[in-house]
Amino acid sequence: MANDHALKLAVLIDADNAQPAIAEGLLAEVAKYGTAHVKRAYGDWTSNHLKGWKEQLLTQSIQPIQQFGYTSGKNATDSAMIIDAMDLLYTGRLDGFCIVSSDSDFTRLAARIRESGLIVYGFGERKTPDPFVAACDKFIYTEILVAKPDEEQPLKPRTASELKRDTGLVNLLRNALEAASDDDGWAGLGGVGSIITKQRPNFDSRSYGYSKLSELIAATTLFDMDRRSPGDGRPKVIYVRNKNQAARPEA
């Protein structure tokens, strides 16, 4: 796979369905995956409902796309976003899309973009319906991106005992490690992370209070970790293994 930071991305924001407070954190997160070549926010900008977005549009250089609500109860903003997304898809100039909404109406759009071989990052609140989450390659909850003023960090890190009691998390980590491991039980952290994301697009170590997957895995105290140098002056690569792996008899 090409270097993620080289990806050309389109960021499409359903402003009717997203809070302006996420804008800065959202674009900082997008920058981890690639470059935002297109930044658009959709909504009825004549409405007072969106006035909080004005400063963010200017500060973050996001292009507002006007869409009047023609009929009560019908979301014209969604339709405008979907049409624009398909137009951008057909240009062939992009590598992926960032769809910012908690609305399940974008489920089919995400699936269609992926069918064309492009990557889809979804951003939405924890109330986002599961079908939209599952339709994305990766889904990031926007609550993680907004630190509250009275908190030093969004979430307090869970203790080792708390993490061990989370059987869903432990099974996810162990299954991904097993799928990526070599004959000695060691697996590169990058491979483990890739498998986890494919299995659970909304997985995020920050939900457990850890900024990195490596920190979360270390905090469980269930795994051995080893930093290996690939040579040629490249950064060391982290490998992980079940702690009981070494004690297993050889076949």
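Looking only at the range 76-111, how many residues end up being basic (Lys, Arg), over 18 Å from residue 124 (Cβ atoms) and in a helix (DSSP H, G or I)?
0
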Legend entry - Meets criteria (touching a residue at least 60 places away in the same chain (Cβ under 8 Å), farther than 21 Å from residue 204 by Cα and not hydroxyl-bearing (Ser, Thr, Tyr)) for residue 93: yes
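Being within 20 Å of the chain's Cα centre (by Cα) and open to solvent by less than 70 Å² (accessible area, probe 1.4 Å) is the requirement here; does residue 200 meet it?
No; evaluated as a whole, the condition is false for this residue.
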Inset, instruction - Might you let me know whether the range 229-240 holds any residue that is modelled with pLDDT of 95 or more and within 22 Å of the chain's Cα centre (by Cα)? - result: no
Inset, instruction - Sort through 143, 178 and tell me the only one that's exposed (fewer than 15 other Cβ atoms within 10 Å of the Cβ), part of a helix (DSSP H, G or I) and either among the charged types (D, E, K, R) or at pLDDT 95 or above (or both). - result: 178
Inset, instruction - Scan the range 1-56 for residues that are over 19 Å from the mean Cα position of the chain (by Cα), part of a helix (DSSP H, G or I) and touching a residue at least 12 places away in the same chain (Cβ under 8 Å) and jot them down. - result: 49, 50, 52, 53, 55, 56
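The values are calculated or read from the model by the stated rules, or taken from the named source; none is laboratory data. Everything numeric here is computed off the predicted structure, so don't read it as measured data. All Cβ positions, even for glycine, are placed from backbone atoms using ideal geometry, and neighbour counts span all protein chains on display. Note: accessible area is taken over every heavy atom of the protein model, side chains too, but ligands, DNA and RNA are not part of it. Shrake-Rupley method; radii C 1.70, N 1.55, O 1.52, S 1.80 Å.
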